[in-house]
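One structure below.
Since every read-out is calculated from the coordinates, none of them should be taken as a lab result. These figures come from a predicted structure and were not determined experimentally. Because the Cβ atoms are built from the backbone with ideal geometry, glycine has one as well, and the counts that use them run over all protein chains shown.
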Amino acid sequence: MRYCKKCIMPDTKPDLTFDEEGICNACRSSERKYAQHKDPIDWNARKKEFEALIKKFKNDDPLTYDCIIPVSGGKDSMFLVYALKEVYKMRPLCVLFEPTLPTKTGRKNIDVMNRMGVDLIHFKRNPLVYDYMVKEGLRRVGDNDWPNHIGIFTVPIHFAVKFNVPLVIWGECPQTEYGGYTKEARSAHVLDQRWLYDYGGLIGNRPEDMVCEDLNITLSDLKPYIYPSKEDLERVGVTSVWYGYYFPWNVPEQLRIVKERGWVSRIDRVEVTYEDYENIDCYSMTIHDYLKFVKYGFGRATDDLVRDIRNGIIDREEAVRLADRYEGKYPLEAARRFCRRFGYTREEFDEICDSFTNRVLFETEKDGTFKRDIDGSLILKKKYVEMRRDPTKSTKRK
C-alpha cells in the first residue's frame, strides 16, 4: 500500500497510478487544471468549445428543450441548473432518478431547484425490482447502490431519446478531477455506454444479470437500466458531456452560488466525513462510502480531503489529522436506516460487509474476526496509518 506524497490517496484506489516522484495521476491532473503543469489545460479554448457545442444544439422552437440535466438534491446539479439556465439562457429539462434512501434535505433542495424555473421529471422506479437489485448488488459485489449507479446514467438518456433532446449535460468530469485511467480516458469528455460499463462503477455486472425467475423479474422490468439502443441514440443524435471538462470545477465557489439561491447543507457533518455538503441527498450513499473503506482502506473522508488539498484549502498535514479523526467511522445512523428499510439485522449487515473487507489492511482477532472499536469501527493496521502520515515509508519495499 502506497500513499501519494502530495495528497493522502492510497494506491488501493482502482486505476490510480503513481509517477516516479510518488505523485498520483489525480494530483497531476489537478496541476494541469490549475496551470501548475508543463501541459496546462487551456480553459479559454474549452469554454469556446462549449459555447460552440450549445449553439449547435440550442433549439429555436420554443416548444422544445435545449438540453437535459440529470439532477439530484446535491450541490452539483443545482449549480448546473444555475449555469445553464441563468448564465447560458438555455431551456433545460431536469431528470431526477429517485435516490435509494432520500433525505429530507435532499428533497428540500430538489424543491428549491424546481423553483428556479425548470421543468423536472421525478422518476420513481419500480420498488420491487429496485429493492431486489439493491440487495443483490450488496451481496454480489459489496455495493448497495449498484442499481442507483446505473439508473442515474441510463434514465436521463431514455428521456433524451423519448423527448428528442440530444444534448445531455453532467457535472464534474471524473477524468479531470480524479485522474484518468488511460491516456484516452483522461481526455474523454463524452459519457456514453462504453464509459458507463468501463468506469461507471458496475463492477462487471450488467442489468441483464439481474433477471430473476423466482421473483418474476424479467428483462422487461429492467428496461430503465438498459442503455438505449445504438439506433435510437444515433437517430436522436444524443451527445452526453461533462460540464467540468469545459470549465474548472470550483467547489467553494459553486457552494457560494447555490447557497445564495436557497440550497442548504446539513446542520451537522455527514456521518463518514468532516464536511456537511457531500452526498446529503441519500443515506444509502453513506453505506456505499463505508463499503469503499472496508475494501480499499479509504472512504468519503479521504475523497473530501484530497479534493480540498488539490483546491488549496488545506495542506497535507492537516488532511492527515482529519483522516485520523474521521476516516472509516462506522455509519451507525445510515446502517440503522438501511437495515430497517431492507430487512437486515445489524449482524447480517456486518457479516456481508465483513465478507468484502480487506484482511491485508485491517486488524483481526486470533479467531479471524475483525477487531473493532467500541463504536463498531474497523481498525486500520498501524503501519498503514503511519504510511499515510509519512508516505516515504510506503516506497520502502522488501
Item checked: Least to most buried among MET285, MET116 (fewest other Cβ within 10 Å first) -> MET116, MET285
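So what is the diffusion coefficient of the chain in µm² per second by Stokes-Einstein at 25 °C and 0.890 mPa s, using a Kirkwood Rh over Cα pairs?
110 µm²/s
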Item checked: Charge-dipole axis of the chain as Lys and Arg at +1 and Asp and Glu at -1 on Cβ define it, positive-most pick from PHE338, HIS288, TYR274 -> TYR274
Next item on the list: Enumerate the calculated ³J(HN,Hα) couplings along the stretch 63-78 in order (Karplus 6.51 cos²θ - 1.76 cosθ + 1.60, θ = phi - 60°), each rounded to whole Hz, writing x wherever the residue is Gly or Pro.
Entry: 9, 10, 8, 8, 7, 10, 10, x, 10, 9, x, x, 5, 5, 5, 4
Next item on the list: Mind checking the full-extension length gain between ASP367 and LYS124? Use 0.36 nm per residue of separation minus the Cα-Cα distance, one decimal, nm.
Entry: 83.0 nm
Note to self: Using a Gaussian network model on the chain with a 10 Å cutoff between Cα atoms, which of ASP15, ASP60, ASP192 fluctuates the most?
What the structure shows: ASP60
Next item on the list: Go ahead and run the numbers for FRET between ALA52 and ARG235, Cβ-Cβ distance against an R0 of 22 Å, rounding to 0.05.
Entry: 0.40
Check: Of the residues ARG125, ARG139, ARG321, which exhibits the maximal mean-square fluctuation in a Gaussian network model of the chain defined by a 10 Å Cα contact cut-off?
Finding: ARG321
Item checked: Cα centre as origin, Lys/Arg/Asp/Glu Cβ charges: the chain dipole, Debye -> 760 debye
Item checked: Sequence-distant residues sharing a close amide H with ILE68 (under 5 Å, placed H) -> LEU93, LEU167, VAL168, ILE169
Margin query: Please report Rg (one decimal) and Dmax (integer) in Å for the Cα set of the stretch 237-364.
Written below: 17.0, 54
Check: Picking from ASN44, SER220, SER355, whose Cα lies most toward the positive end of the charge dipole for the chain (charges on Cβ: Lys, Arg +1; Asp, Glu -1)?
Finding: ASN44
Checklist line | Extension gain (nm, one decimal) between LYS38 and GLU348, 0.36 nm per residue minus Cα-Cα | finding: 106.4 nm
Next item on the list: Mind putting a number on the dipole of the stretch 43-246 about its Cα centre? Charges go on the C-beta only, +1 for Lys and Arg and -1 for Asp and Glu, and I need it in Debye to the nearest 20.
Entry: 680 debye
Next item on the list: Name the long-range amide H neighbours of PHE370: under 5 Å, sequence gap of 5 or more, or other chain; modelled H, no Pro or chain starts.
Entry: GLU365
Next item on the list: Mind scanning LYS47/LYS85; LYS48/LYS108; LYS124/LYS295; LYS13/LYS38 and naming the pairs with a C-alpha gap bigger than 24 Å?
Entry: LYS48/LYS108; LYS124/LYS295; LYS13/LYS38
Next item on the list: Read phi for every residue in the stretch 144-151 and hand back ³J(HN,Hα) as whole Hz from Karplus 6.51 cos²θ - 1.76 cosθ + 1.60, θ = phi - 60°, with x for Gly and Pro.
Entry: 5, 9, 3, x, 5, 4, 6, x
Next item on the list: Return the distance in nm (one decimal) between the two label points of a simple spin-label model at LYS381 and ILE267, each offset 7 Å from Cα along Cα→Cβ.
Entry: 4.3 nm
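Of the DSSP beta bridges with both residues in the chain, give the percent that are antiparallel, rounding to the nearest 5.
Values: 8 of 23 bridges.
Given both bridge residues lie in the chain, the antiparallel proportion sits at roughly 35 percent.
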Next item on the list: Quick one: among THR239, THR105, THR369, which has the greatest mean-square fluctuation in a GNM of the chain with alpha-carbon springs under 10 angstrom?
Entry: THR369
Check: With Cβ to Cβ distances under 13 Å as the rule, what net charge do the other residues near LEU332 carry (K, R +1; D, E -1)?
Finding: +1
